[in-house]
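Q: Quick one: the structure is below, and I'll ask about it shortly.
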Amino acid sequence: MAERRRNWEKSGDDLPVYLSRPGTADQVPRQKHGGLFCSIEDAFESKTIDFDALSVGQRGSRTPRSTKRLTGLEAKSPASDSKSSPAVESPTADKQERKGSPQVKIGTSGGKEILQNLEDEKSDRLLIKGGRIVNDDQSFHADIYMEDGLIKQIGDNLIVPGGVKTIEANGKMVIPGGIDIHTHFQMPYRGTTTVDDFAQGSKAALAGGTTMIVDHVMPEPGASLIEAHDQWRQWADEKACCDYSLHVDITHWNDSVKQEVDNLIKEKGVNSFQVYMAYKDYYQMSNSELYEVFTFLAERGGIAQVHAENGEIIAEEQARMLQMGITGPEGHVLSRPEELEAEAVFRAITIASQTNCPLYVTRVMSKSAADIISQARKKGNVVFGEPITASLGTDGTHYWSKNWAKAASFVTSPPLSPDPTTPDYLNTLLSSGDLSVTGSAHCTFSVAQKAIGKDDFTQIPEGVNGVEERMALIWDKAVTTGKMDENMFVAVTSTNAAKILNLYPRKGRIAVGSDADLVIWDTDAIRTITAKTHNSAAEYNIFEGVELRGAPLVVICQGKIVLEDGNLHATSGVGRFIPCSPFPDFAYKRIKARKQLAVLRAVPRGMYDGPVSEFSMSRGGTPSASARTSPTKQPVRNLHQSGFSLAGPPTPDDIPIRPAGRRIVVPPGGRSNITSLS
Amino acid sequence: MSGYQGKKNIPRITSDRLLIKGAKIVNDDQSFCADIYMEDGVIKQIGENLIVPGGVKTIDAHGRMLMPGGIDVHTRFQMPDRGMTAADDFYQGTKAALAGGTTMIIDHVLPEPGTSLMSAFEQWREWADSKSCCDYSLHIDITEWHKGIQEEMETLVKDHGVNSFLVYLAYKDIFQLTDAQVYEVFSVIRDLGAIAQVHAENGDIVAEEQRRMLEQGITGPEGHVLSRPEEVEAEAVNRSVTVANQTNCPLYVTKVMSKSAADVIAQARKKGTVVYGEPITASLGTDGSHYWSKNWAKAAAYVTSPPLSPDPTTADYLNSLLSCGDLQVTGSAHCPFNTAQRAVGKDDFSLIPEGVNGTEERMSIIWDKCVVTGKMDENQFVAVTSTNAAKIFNLYPRKGRIAVGSDADLVLWDPDVTKIISAKSHQSTVEYNIFEGTEVRGGPLVVISQGKIVLEDGNLHVTEGSGRYVVRKPFPDYVYKRIKARSRLAELRGVPRGLYDGPVCEVSVTPKTMTPASSAKTSPAKQPGQPIRNLHQSGFSLSGAQIDDNVPRRNTQRIVAPPGGRANITSLG
């Protein structure tokens, strides 16, 4: 309603609608709405709170006339009126906006309003006026009022207390703050830690428009998961500048780990666990362990994340490379060809589908891996793929750089694909929805740390930057190129992640009651990424020299402005841990339905009464084909010891393994049919 | 139909001489009408109006199809399993093969883990030499992996004419090899010029699923197929294709039983991988719905691994892929057990000995399902039943082709004969035939093995022990031409760089756990623990591009002030 009204008013200023802008060179965006066969324009907008109806006559409220004054006096730009709905969002609108290039203004409202709230000068109260709210499902114009870190009101002509700090968005996009679902801040590595700790890392995140991060807890193999989790909590609580949550990596598997996982889900608010198929003899899990982990997580409502690479073959290939004398960073990518990633993804999907567990593939780095995920999704598997900033923004040709330090800074696992068309391909799949979320896998090491592996690429600590660049990079590669629209952009940078972690709609959506984590996005800003200006502590930026369109103009985290006019006002330690509850609907609705269908039944048969051949249980020293070794399994039954007699009808205490409670003495069709020809 | 030619009946020469007149000779590339004369088990002349010695036994083919005898690439006659032996020994098995038009079989040697490949090979040779009625050759299964095995493989390839080895991705804790071991086996196989065969199923998942089934009280044969879903097969095929690609080793997938596995193979071939798929008689002719039969013994007769797919459209799909060339060869995986032997697993499906029949039915089933339905022509039929197998295993053109100089293993095929398969009339000794009641069109009319008529007018005349071991040479052209070209291309080079001269972070010497870091090597086949090179000890200290940059390590030159200066190494760039 608001837009149409504005449209009408704006054109009312100069000319009647049917004659509007006859002399301008600009193309008039064609109005598709309001026709005979169209749905009512803006029918879904501001349905929750429509203050228009209440506002008549109230002081300070925005009547149609005052809107006109605002647009006329302050903005003086066509931007605020050009957009009516995502359906008519067009390059024209962008062009108009660029031409006008309005700036966001922040100030406190003056006049009498101050009198009402004298004591509340430094309030958590914030009003964003005239922004275009972009959620993953729709975009609409409305004002947003926040208090105490929560969004309290959305709509036009909001009734707000006086003295509220007001941001005039002038039609710019207001999007939910980004959620970086994969970071490794302050990760210990062989006695050192990554150069970006939680303070530095979350600062970089905020600078890029990301208002929540999800870090990976990486317990040493053999160490307690809960202890590691508490350690990470402590580090993050001290330092994080934005809200955070934690994934826990499962680096070994036994009954006590199982207990701890259960505990983490039930009491600690962790619902996602990562397992490794790579890093042989270190973090790597066998297929049977994966099966057990997945089975357990499916029962408890967790998400199984997987680092997918075939560690066994990598180990062999690494040995081969070193043997051939390839010791530089190029050996890293040569020993981890993308096939190995695709193979492991395929295997993980098979196991997940077997155990009916939702699967989340972290770090999709190659075309083949992404293809396998999209194929599996077509077949109906519950699987999510996470490309990272690096795989969306750059490629692996840099591993052959003559500058060792530069080449080493690209080392991450799975490696960046040397195929330069990979980023474009992954962006396309991200836009089409085959890949669901984006992370950064931000895990930066300084050159000196990377140099641990200067003579042996296998020793180079792995990890790249990307938390700061993530949002802008996706905007540049996917939205400005027309692959995805702004709503999809919100979905892949924020909403989907919130849904998977069961944080939706608290995070990932602009709605009344959601957290006030917002970003005012400037679609026109152009920025060149360089290590000189980035917020990470690393000396190298893998996106060095890349020019990106789109950047955050204002970032609001927990209801406070942390970025404005290019100045970052982050406070260490304000970040809260956000607990994630199990059984996220986004993943588990389908899983639950399938579980009900997947009940298997045995065939009730007559007892076999024919001759039985003699056989030896041992075969080459090991038990026979059904041999079970993992500790949770039952021992092999010895058929010779059974009290089961083949002759005559079984006595009552002989209960053969058969659906309990039923004894068939004379099976239907007679017994002789059992050994006769069909 | 057959008689002696010539004016006078020369007293029966121990006639290895045979003339077939008026046959339509069908090879994999073309069909043509000609007479064919063979002597001493070898084809001597092909053409019209042949000049042949008198007193030759003559068969008048009346324009019927004469094709190379079938090669069954996968049999397991007389296979020991936990003290039992598969019901058909080499005599029964080869007799069944000949009755179906197959004149050569390739059997699998299955050494118990812990025993030597050589002794198992000798054992199988002994069994087969004394009993086999047709020519045979042997695949060797690799059931464990260590240095000794590698040496034995070399001996087998070089001195004993073996050029194919099978590894198992299933049968956890018995035959199963890890990915790293498979990688090493494949590397060795490639160097030896042999074919890597793989039994593709994810044994880890199978073991878990078996346990789950038993826990749920599912103990009958249906548990077998429920615990081995086709996804698990496709996963293992995909994995072995990856390892084979990585090692540049030709791959041969035995027993393709499901659509998904066949699809993975077809896709890999499209991407250029050297991979061959072998559907078996059972997967081409029947399906896995029988596992739910109320008759335990019948259901158990279908137990094989990977299992028959419960999807009834699978057989048709596999026949289509076989016809279009995505799958290349057919075996039977003939390894039947009788019902008493199967009953070992009457209370636990995981103990049922695995294997189905199919060596006798193979040719007829394929003819009926593919040629009669118009999916393939007679030449393609020859290709998939005989020629491709001969090419892959380097038997061509001695086997798999009708040409002068080839072995006289021939089948006179009757496309019109109709037969109902039944356990009552089959040659195998088992009580069940998994194709029971199937009516097939097409069958052998006359079978000639080693130049002798072994099947005529429905009568089999086989001689126990007449089968010869056929030696197979490594590096079959059909497979290795591409592999060789690729290995020339696949050389990798390091990047010559200046020496890193920046600061280096201190690291604790022992990484987090006791085991070495990710490059750890555990298996014996690699060169003995190459230590991590310590460049501090090397005299190598140059930077910048050099003329002989492709030689990565040198220690004869020392450049103290490299061109471009040292500072560029850590600068942005």
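Each reported figure results from applying straightforward, stated rules to the coordinates on display, with no laboratory input. Since this is a predicted model, take the numbers as computed values, not measurements. Here the Cβ positions follow ideal geometry from the backbone for every residue, glycine too, while neighbour counts run over all protein chains shown.
Q: With just the Cα atoms defining each centre, how far is region B:139-207 from region A:139-200? Give it in Å.
A: The distance from the Cα centre of region B:139-207 to that of region A:139-200 comes to 57 Å.
Q: Testing the spin-label approximation: label points 7 Å from Cα along Cα→Cβ at B:V471 and A:R594. State their distance in nm.
A: The answer from the label model is 5.5 nm.
Q: Here is a further query. Got a sec to turn the phi values of region A:594-609 into Karplus ³J(HN,Hα) couplings, 6.51 cos²θ - 1.76 cosθ + 1.60 with θ = phi - 60°, whole Hz, x for Gly and Pro?
A: Those phi angles translate into 5, 4, 5, 7, 8, 6, 9, 10, 7, 8, x, 10, x, 6, 6, 10 Hz.
Q: Cα-Cα over 27 Å: which of A:K589/B:K172; B:K24/B:K452; A:K379/B:K346?
A: Going by Cα-Cα distance, A:K589/B:K172; A:K379/B:K346 fall outside the 27 Å limit.
Q: Using only alpha carbon positions, build the gyration tensor of region B:438-509, then give the equivalent ellipsoid semi-axes as the square roots of 5 times its eigenvalues, largest first, whole angstrom. Before the final figure, lay out the partial values.
A: On the way: eigenvalues 830, 57, 49 Å².
Output for region B:438-509: semi-axes of 64, 17, 16 Å.
Q: Taking the C-alpha atoms of region A:446-543, how large are the radius of gyration and the largest Cα-Cα span, Dmax, in Å?
A: Cα-based Rg and Dmax for region A:446-543 come out at 17.4, 56 Å.
Q: Could I ask something else about it? Please work out whether region A:268-403 counts as rounded, prolate or oblate from its C-alpha gyration tensor, where a ≥ b ≥ c are the square roots of the eigenvalues and a/c under 1.5 means rounded, while otherwise a/b larger than b/c means prolate and anything else oblate? Each step should come with its number before you reach the end.
A: Working: a/c = 2.18, a/b = 1.67, b/c = 1.30.
Verdict is prolate for region A:268-403.
Q: Just the number, please: percent antiparallel of the DSSP beta bridges in chain B, rounded to the nearest 5.
A: Bridges in chain B are about 50 percent antiparallel.
Q: Report the dimensions of region A:175-596 along its three principal axes from the alpha-carbon atoms, largest first, rounded to Å.
A: 56, 52, 40
Q: Could you tell me what fraction of 2.2 N^0.38 Å the Cα radius of gyration of chain B comes to, as a two-decimal ratio? Working shown, then result.
A: On the way: Rg = 27.7 Å, N = 573, 2.2 N^0.38 = 24.6 Å.
Taking the Cα Rg and dividing by 2.2 N^0.38 Å, one obtains 1.13.
Q: Once you put a point 7 Å from the Cα of A:K105 and another 7 Å from the Cα of B:K147, both along the Cβ direction, what distance in nm separates them?
A: In this crude spin-label approximation the distance works out to 8.3 nm.
Q: Taking the Cα atoms of region B:188-331 alone, what are Rg (to one decimal) and Dmax (as a whole number) in Å?
A: 15.7, 50
Q: Separate question: What is the calculated FRET efficiency for A:K378 to A:E547, with r their C-beta to C-beta distance and R₀ = 41 Å, to the nearest 0.05?
A: Working: r = 36 Å, r/R0 = 0.87.
Efficiency computed from Cβ-Cβ geometry: 0.70.
Q: A follow-up question, please. At 0.36 nm per residue, minus the direct Cα-Cα distance, what do B:D40 and B:D316 gain on full extension? Give it in nm, one decimal, please.
A: Working: separation 276, 0.36 × 276 = 99.36 nm, distance 4.10 nm.
Extra length from B:D40 to B:D316 when fully extended: 95.3 nm.
Q: Can you give me the distance in nm between label points at A:E299 and B:E215, each placed 7 Å from the Cα along the Cα-to-Cβ direction?
A: 0.6
Q: Holding the Cα-Cα limit at 28 Å, pick out from A:K129/A:K532; A:K499/A:K532; A:K258/A:K592; B:K147/B:K391; A:K152/A:K592 the pairs that are longer than that.
A: Details: A:K129/A:K532 34 Å; A:K499/A:K532 36 Å; A:K258/A:K592 22 Å; B:K147/B:K391 30 Å; A:K152/A:K592 34 Å.
Table pairs above 28 Å Cα-Cα are A:K129/A:K532; A:K499/A:K532; B:K147/B:K391; A:K152/A:K592.
Q: With the calculation restricted to Cα positions, what are the radius of gyration and Dmax of region A:536-581 in angstrom?
A: When restricted to Cα atoms, region A:536-581 yields Rg and Dmax of 14.6, 41 Å.
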